[in-house]
1. It is to be established whether one or more residues within the range 50-69 are more than 19 Å from residue 129 (Cα to Cα), in a loop (DSSP other than H, G, I, E, B) and in contact with a helix residue (DSSP H, G or I) (Cβ under 7 Å, 6 or more places away or on another chain).
2. Every residue in the range 10-31 that is hydrophobic (A, V, I, L, M, F, W, C) and surrounded by fewer than 18 Cβ atoms within 10 Å (Cβ to Cβ), please.
3. Select from the range 69-114 the residues that are of a type in the set (Ser, Thr, Tyr) and either out of contact with any Lys or Arg (no Cβ under 9 Å at 6 or more places or on another chain) or touching a residue at least 60 places away in the same chain (Cβ under 8 Å) (or both) and write down the one among them that is farthest from residue 48 (Cα to Cα).
4. With the structure loaded, tell me whether residue 59 is under 19 Å from residue 188 (Cα atoms), among the charged types (D, E, K, R) and within 15 Å of the chain's Cα centre (by Cα) or whether it fails that test.
5. Could you tell me how many of the residues in the range 166-185 are farther than 18 Å from residue 111 by Cβ and either modelled with pLDDT of 95 or more or over 12 Å from the mean Cα position of the chain (by Cα) (or both)?
6. For the list (1) touching a residue at least 60 places away in the same chain (Cβ under 8 Å); (2) surrounded by fewer than 14 Cβ atoms within 10 Å (Cβ to Cβ); (3) hydrophobic (A, V, I, L, M, F, W, C), I need the number of the one condition that residue 157 fails.
7. Can you tell me which residues in the range 1-45 are at pLDDT 90 or above and assigned to a strand (DSSP E or B)?
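The values are calculated or read from the model by the stated rules, or taken from the named source; none is laboratory data. These figures come from a predicted structure and were not determined experimentally. A quick note on method: Cβ atoms are made from the backbone with ideal geometry, for glycine too, and the neighbour counts reach across all protein chains shown.
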Amino acid sequence: MRADNYAFAVYDELGAKESARCLTRDLEWFVQSYAIRRTPQEPFATFISMYEHPMVDDEGDFERLLWRHLSFVHEEDTRKWPWDPAVSMDPDDPRFSFSVSGQAFFVVGMHPKASRIARTAPVLTLVFNLHAQFDALRQRGQMDRVSRTIRAKDGRLQGRPNPMLMQFGEASEARQYAGREVEADWQCPFAAPATSTVGASYPNGAD
């Protein structure tokens, strides 16, 4: 936010096709308008999406909506864009990352019923962080320090470290998206079919 490398939009309903279609369009705009502005000095760029509906009863309810929404986003996105070749499209693969407009994103889910304090938000929220920014931190030798700082702050806030936090490549990051502590045998409800690209056009702005 200090560098003004973020965008924000509010949508009607998490888990609805129309809201997912609008989000897909806006993420395409974001990649073209913000991601290309990243520099080695300011490698970060984030898209924040919030949803007015529905109400969720618990963490499991939110998790189902999150993956339903991302599945709809992928359905729309695959009409134009291939999956980012730098990451895996298999949610069971340790190198998995969600892809939109040919760019990998780490998705952070937040909502009022989250058990982790750092994942609470007044409304349903999906935060899309460009995966390339984490690669930039690794290249600069800063990733370990940043990770330790974040985990220490989260541990002090919650009283115990988040057991789901891990480095890219240790286990699929899909296990972290919804924010809840998932079971050892948890299976991601998302499956990406083969993607294709038919050319791209870019919207003038986000909703």
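1. yes
2. Residues of the range 10-31 that are hydrophobic (A, V, I, L, M, F, W, C), as a first pass: 10, 14, 16, 20, 22-23, 27, 29-31.
Selection gives 10 alone.
3. Quick first cut of the range 69-114, residues of a type in the set (Ser, Thr, Tyr) only: 71, 78, 88, 97, 99, 101.
Within this subset, residues satisfying the condition of being either out of contact with any Lys or Arg (no Cβ under 9 Å at 6 or more places or on another chain) or touching a residue at least 60 places away in the same chain (Cβ under 8 Å) (or both) are 71, 78, 97, 99, 101.
Values: 71: 18, 78: 21, 97: 17, 99: 16, 101: 16 Å.
Only one residue tops the list, namely 78.
4. Details: under 19 Å from residue 188 (Cα atoms): yes; among the charged types (D, E, K, R): yes; within 15 Å of the chain's Cα centre (by Cα): no.
In short, no.
5. The first filter runs over the range 166-185 and keeps only residues farther than 18 Å from residue 111 by Cβ, leaving 166-173, 183-185.
Now drop any that are not either modelled with pLDDT of 95 or more or over 12 Å from the mean Cα position of the chain (by Cα) (or both), which leaves 166-172, 183-185.
Count: 10.
6. Residue 157 satisfies every listed condition except (1).
7. Within the range 1-45, 7, 8, 9, 10, 11, 12, 13 meet the criteria.
Conditions (1) over 20 Å from residue 157 (Cβ atoms); (2) buried (at least 19 other Cβ atoms within 10 Å of the Cβ); (3) under 13 Å from the mean Cα position of the chain (by Cα), marked per residue:
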position: 66; (1), (2), (3): yes, yes, yes
position: 75; (1), (2), (3): yes, no, no
position: 80; (1), (2), (3): yes, no, no
position: 86; (1), (2), (3): yes, no, no
position: 93; (1), (2), (3): yes, no, no
position: 100; (1), (2), (3): yes, yes, yes
position: 109; (1), (2), (3): no, yes, yes
position: 112; (1), (2), (3): no, no, no
position: 122; (1), (2), (3): no, no, no
